[in-house]
Amino acid sequence: MTIAFIVQRYGLEINGGAELHCRWVAEHMRTHMPVEVLTSCAFDYITWRNHYPEGEELINGIRVRRFPVSRPRSPEKFGRLQNRILEHEHREQDELAWLEEEGPTSPKLIHFIRKNQAAYDYFIFFSYRYYHSYWGIHAVPAKSILVPTAEHDPVIHLKIFRDLFRMPRAFVYNSEEERVMIQSLSRNEHVPGLVVGVGTEVPSSYAADRFRQKHGVDGPYLIYTGRIDQNKGCPHLFDHFLRFKRETGSAVKLVLIGSTVLKIPAHPDVRYLGFLSEEDKFDALSGAEVLVMPSFYESLSMVTLEAWALGRPVLANAKCEVLKGQCLRSNGGLYYENYAEFREALKLLLSSERLRAALGDNGRAYYNANYTWDIVEHKYLKIMNDLGAAR
Amino acid sequence: MDSPKPIGATQAASVEIDYDRVNVAEIMARIQKAAAEAPAELSAANEPREAATSSFSPASASPRTAPPAPPPTDWNPEPQGAKQTIKKILRKLMRPFFPVIRLLALPIHEELRATIKSLHETNVRLDNLYRLLQMQSVEFDRKIDLAGERMDLGDLRLDHLEGRLKDLDKSMEYIRLLHNLDHNLVLELTKLKVEADTLKSKVRILEKDQELTLRRERALEEQALK
């Protein structure tokens, strides 16, 4: 059995959620069957301009075939088209024009899939909203498996996607909430699907003291790791945290890890450490009292899973259904919808070491039961075996 | 069951937790209850501070440094007491310069007149546009009525067509019955023909039997006479 993973970008230096997810799954599935990756030559996700050379290369033992992007995205035109389809009456043609501008527009990739469909048993498409998934699934619906990585994004309501969700042979969902959302939108209950998600690479050793010494962090701290931007709810986190400090006089600090596009508030208890290595990140996570996830949109928060893998509790934004659902299913974290709930939940977490430990243990058990690589690989194999048996 | 112990200045809401079987939904229900009750307790202590520091956005950062706005007062345009006297003196002193001031204010006056004229013309244009809009609205209503009439006519035609369709359905039913009748008639006629053929065969056999009997009779008579 040979499978092809199709994703918008691919490379060791690409850390985007779906792209990293795809690379990890491909690298793990390689131990079970021959795997190839079909992708574009793009690196920049704003313009999809060709960056890598067209052709084949080996990345961590996987053959990667790159196809050129015929037309880079014009952000202005894309914004205009998106505005039209989201805010005005429009036709299906407008949605397809938007999709073409969304990119990465690579007709050669689609042509390759159509021409070589006999060489692969299954095509696993990542990210529903891009050109490669839409036209790729149209080219080989009978062999396609879709990993939608969908969030509560307004474009998911477009008609072209409602139709698309009824086409693949199977779905690999990231969370139960994602499955419910896609099924309620497209009524595609007849398409088989499993909630799988993704495993995570937890280093064999990690040390909170090493992190504290290296970065000069003392006392209890909350941690946020990830992109620091508006969409991730970081302004709310800053606001809530500073207000919490003023109202309660707590000595807790906030440690921020990741690249930022926002101005970090100048406060002695807010420590921004920039982009850290994986080792430093896990060291930091292991020493944190709580991981705070203020994001409004997540299809699967890898950082949350990493915190649970280390036995740390989570305080998540309840407006993100996926995070709230994971907290409830795992009993591994609390959540908040507004500042008052943030304050009460954080006060409770900081005041009870036993509660933090109990939530962390539950989170770890949830991670071990659902998100270790053995389980993830087994689920992917099960989907393909079930499809093979149904043929 | 155990209650969390507060550490330092952080006072947690009194939430009882079964640490052996932590249930996040239950804890959250209690937290939400505590959060809903808390604003009343906190508002008195935090209100002045909250107003200045509740948001991190730059737009809301400015109130942190700005002094609180004074309470609204009634504005009195007329100066009172000493102010009125000073105003009178100033007016007396400036009286010789009034023609010069008027001369200086002439271009502004002209400009004001031009602006007023322009505003008047704009008003006239607006009135004309409003009249035009009303006329078009009337025309639009008329067209809507016409379209409504056409729709009524279309409905009538549709009713007529539906009546014809019902007739057609009835005719089709009659034709189906006639077909059945034809079929049954053909069947019965075929049966009768088969029966007639059988009877004819029987008659032929009986004739042959009779002929044989006659021949035997004749032969027996000849033998008897001999």
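Observations
- Computed magnitude of the charge dipole of chain A (debye, nearest 20; Cβ of K, R +1, Cβ of D, E -1): 300
- Computed from point charges on the beta carbon alone (+1 for Lys and Arg, -1 for Asp and Glu), the dipole magnitude for segment A:171-252 about its Cα centre is near 320 Debye.
- Nearest-ten-degree value, helix A:278-287 long axis tilted from longest Cα axis of chain A: 40
- Sequence-distant contacts, meaning Cα pairs under 8 Å at least 6 residues apart, place the relative contact order of chain A at 12 percent.
- Listed residues A:Ser204, A:Ser299, A:Ser144, most fluctuating in chain A (Gaussian network, C-alpha, under 10 Å): A:Ser204
- Rounded FRET efficiency, nearest 0.05, which uses the C-beta distance separating B:Leu214 from B:Asn184 and R0 of 41 Å: 0.35
- The length gained on full extension between B:Ile205 and B:Leu146, counted as 0.36 nm times the residue separation minus their Cα-Cα distance, comes to 12.4 nm.
- Check: segment A:48-175 dipole with +1 on Lys, Arg Cβ and -1 on Asp, Glu Cβ, in debye: 400
- Ordering A:Ala369, A:Val270, A:Phe43 by the projection of their Cα atoms onto the charge dipole of chain A, which places +1 on the Cβ of Lys and Arg and -1 on the Cβ of Asp and Glu, puts A:Phe43 at the extreme positive end.
- Rounded to 10°, Cα long-axis angle of helix A:339-351 versus longest principal axis of chain A: 60
- Theoretical FRET efficiency, 1/(1+(r/R0)^6), r = Cβ-Cβ of A:Lys379 and B:Asp169, R0 60 Å, to 0.05: 0.60
- Axis of helix A:353-370 versus longest Cα principal axis of chain A: the two differ by about 20°, to the nearest ten degrees.
- Over segment A:208-369, the hull volume per residue, using the convex hull of the C-alpha atoms, is 100 Å³.
- Computed from the Cβ-Cβ distance with R0 of 56 Å, the FRET efficiency linking B:Glu221 to A:Ala389 stands at 0.05.
- The length gained by stretching the chain between A:Asp121 and A:Asn15 to full extension, at 0.36 nm per residue less their Cα-Cα distance, is 35.4 nm.
- Peptide A:326-339 - average C-beta neighbours from other chains (10 Å radius): 3
- Solvent-free Debye scattering, log10 I(q)/I(0), computed from the Cα coordinates of the protein assembly as shown at q = 0.06, 0.07, 0.09 Å⁻¹: -0.58, -0.70, -0.91
- Paramagnetic label zone (point 7 Å from Cα along Cα-to-C-beta, A:His32; backbone N under 19 Å) in segment A:364-391: A:368-391
- Contact order for segment A:288-391, expressed relative to its length and based on alpha carbon pairs under 8 Å spaced 6+ residues apart, stands at 27 percent.
- Partner shielding of A:246-254 amounts to 4, given as the average count of beta-carbon atoms from other chains within 10 Å of each residue beta-carbon.
- Helical mean residue ellipticity (222 nm; -39500 (n - 2.57) per DSSP H run of 4+; nearest 500) of chain A: -13500 deg cm²/dmol
- Segment A:1-145, relative contact order in percent, only Cα pairs under 8 angstrom and at least six apart counted: 26
Just so you know, all these numbers are worked out from the coordinates, no wet-lab data involved. This is a predicted model, so every value here is computed, not measured. A quick note on method: Cβ atoms are made from the backbone with ideal geometry, for glycine too, and the neighbour counts reach across all protein chains shown.
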